[in-house]
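Scroll down for the structure; my scribbles are underneath it.
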Amino acid sequence: MLKALKKKFELIVFTASQRDYAEPILNFLDPKEEIFDYRFYREMCLTASDGRYVKDLRIFGGRKLKDIVIVDNSAFSFGEQIENGVPIIPFIYDKRDKEFLKLQKYLELILESYDVRTFNKEAFKLHKCHQYQNH
C-alpha cells in the first residue's frame, strides 16, 4: 500500500513517538529510504496542557494546508488542523484487517479534491466534535 501511495503522494511520517522507538520500525518498513520523504518525531510536536502531543501541520513549510492530509488513530493529534485529519482505527495484528485498503481508496479519491479539508469535512464531520468540545 505504501509503495502504491508513494507513486501519487509525498509521504511524510509525523509521529509523537520518540526517535529511538520509531526509527527501527520505520527502517524496517522502508529499509532503502525510498518510501518516506521525511520523518518527524516527538520533538516536532506541540505539547498540550494535559501533556498530550499535537501535530501542527504548519511546520511543513512551502506546503499549503489545503494539500496536506494527516492520517492518525488519535484525532487529538491533529486537533490544530482538524479538517486535515483522516482518522483511522489502531492496527492490532489481524490478517483480516482491511483498514489500509480502505485508507488507500479514500486517499486516491481525495486526489480529485481542490482542498482536502473540504473533502475531509464532508466525509468525517470532525468539526462537529471539535465544536462540541469547545462548548
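The values are calculated or read from the model by the stated rules, or taken from the named source; none is laboratory data. Owing to the predicted nature of the structure, the values given are computational and were not obtained by experimental measurement. Cβ coordinates were reconstructed from backbone atoms using ideal geometry, including for glycine residues, and neighbour counts include every protein chain displayed.
Please find, within the stretch 1-12, the residue that is modelled with the lowest pLDDT out of those that are among the aliphatic types (A, V, I, L, M) and either more than 22 Å from L103 (Cβ to Cβ) or not in a strand (DSSP E or B) (or both). Across the stretch 1-12, the extreme among qualifying residues is M1. Is it fair to say F119 is buried (at least 17 other Cβ atoms within 10 Å of the Cβ), more than 16 Å from L11 (Cβ to Cβ) and without any contact (Cβ under 8 Å) to a residue 40 or more places away in the chain? Here the answer is yes, as F119 does meet what is asked.
Conditions (1) of a type in the set (D, E); (2) over 24 Å from D20 (Cβ atoms); (3) under 15 Å from the mean Cα position of the chain (by Cα); (4) modelled with pLDDT of 95 or more, marked per residue:
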| position | (1), (2), (3), (4) |
| --- | --- |
| M44 | no, no, yes, yes |
| K55 | no, no, yes, yes |
| F76 | no, no, yes, no |
| P87 | no, yes, yes, no |
| K95 | no, yes, no, no |
| K98 | no, yes, no, no |
| L101 | no, yes, no, no |
| Y106 | no, yes, yes, no |
| E112 | yes, yes, no, no |
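Scanning the stretch 84-99 for residues that are closer than 12 Å to N73 by Cβ and part of a helix (DSSP H, G or I) yields a single hit, E99.
Restricting attention to the stretch 13-71, the residues being out of contact with any strand residue (DSSP E or B) (no Cβ under 9 Å at 6 or more places or on another chain), charged (D, E, K, R), under 22 Å from I82 (Cα atoms) and in a helix (DSSP H, G or I) number 4. Considering the stretch 70-87, the residues that are out of contact with any Cys (no Cβ under 9 Å at 6 or more places or on another chain), among the hydrophobic types (A, V, I, L, M, F, W, C) and over 15 Å from M1 (Cα atoms) include one that is surrounded by the most Cβ atoms within 10 Å (Cβ to Cβ), namely F78. Checked against (1) touching a helix residue (DSSP H, G or I) at 6+ places or on another chain (Cβ under 9 Å); (2) in a helix (DSSP H, G or I); (3) basic (K, R), K128 passes all but a single condition, namely (1).
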